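No value in this document is a laboratory result; all are computed from the given coordinates. Keep in mind the model is a prediction, meaning the values are calculated, not measured. When we count neighbours, we look across all protein chains shown, and the Cβ atoms used for this are built from the backbone with ideal geometry, even at glycine.
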Amino acid sequence: MLGGCTAIPRNISTPIAGPDVREVRDNPEAHIGKRVRWGGTISDIENLENRTVITVVARRITRKGEPLADTPSTGRFLAETERFLDPEEYKSGRRLTVKGRITGTRSSKIDQYLYTYPVVTTENPYLWEDYVGRDPYPHDRPYYYPYGSYRYPWHHRHFHGFSHYPWY
């Protein structure tokens, strides 16, 4: 019954004991061709004629591959895919996990700083759902009670001089 709660997305399910972003950035030649599973938050997306390039701010990931958005960055990397990815869906700030091969590095500027990005070629980047939870304390009440007032269903008696409990 709890299997659905812990399901790992198939395209990123197998953990890979590959190098992290910093290791590849420091010594890219030693890691070209290695398989990795990296995740993070999207910084930018660019659809080119024959591929899409996603700039990702790398974050620590859980065993199931989910990026932890509130952890410090471990660097940045570029995820490339031959698929078209809609920029409205793959917005800046969304969490993403990729599984693929390191194909090299590419240098580009972040403001005035020349940054070297490891490049990962992937087929199926996995976009995590944003958590939009409901407010457990709705704004129309100062306290939480799923049926309205704590006097429910006897709330009308209080306003007519009766106690809020039916046995009084």
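Could you grab me the full set of residues in segment 49-61 that are more than 11 Å from R95 (Cα to Cα) and touching a strand residue (DSSP E or B) at 6+ places or on another chain (Cβ under 9 Å)? Spell out how you get there, then give the answer.
Let us first name the residues in segment 49-61 that are more than 11 Å from R95 (Cα to Cα), namely 49-55, 60.
Selection gives R51, T52, V53, I54, T55, R60.
In segment 25-47, what residues are part of a strand (DSSP E or B) and basic (K, R)? Walk me through it before giving the result.
Our first condition is that a residue be part of a strand (DSSP E or B); within segment 25-47, this holds for 35-47.
Passing the criteria: R35, R37.
From the residues in segment 22-43 that are more than 12 Å from V98 (Cβ to Cβ) and under 14 Å from the mean Cα position of the chain (by Cα), which one is surrounded by the fewest Cβ atoms within 10 Å (Cβ to Cβ)? My answer is S43.
Applying the selection to segment 48-103, what residues are in a strand (DSSP E or B) and free of Cβ contacts under 8 Å to residues at least 40 places away in the same chain? Step through it out loud before you land on a result.
Initial filter on segment 48-103 (in a strand (DSSP E or B)): 52-59, 61, 67, 76-81, 95-103.
T52, V53, V57, A58, R59, I61, listed by residue number.
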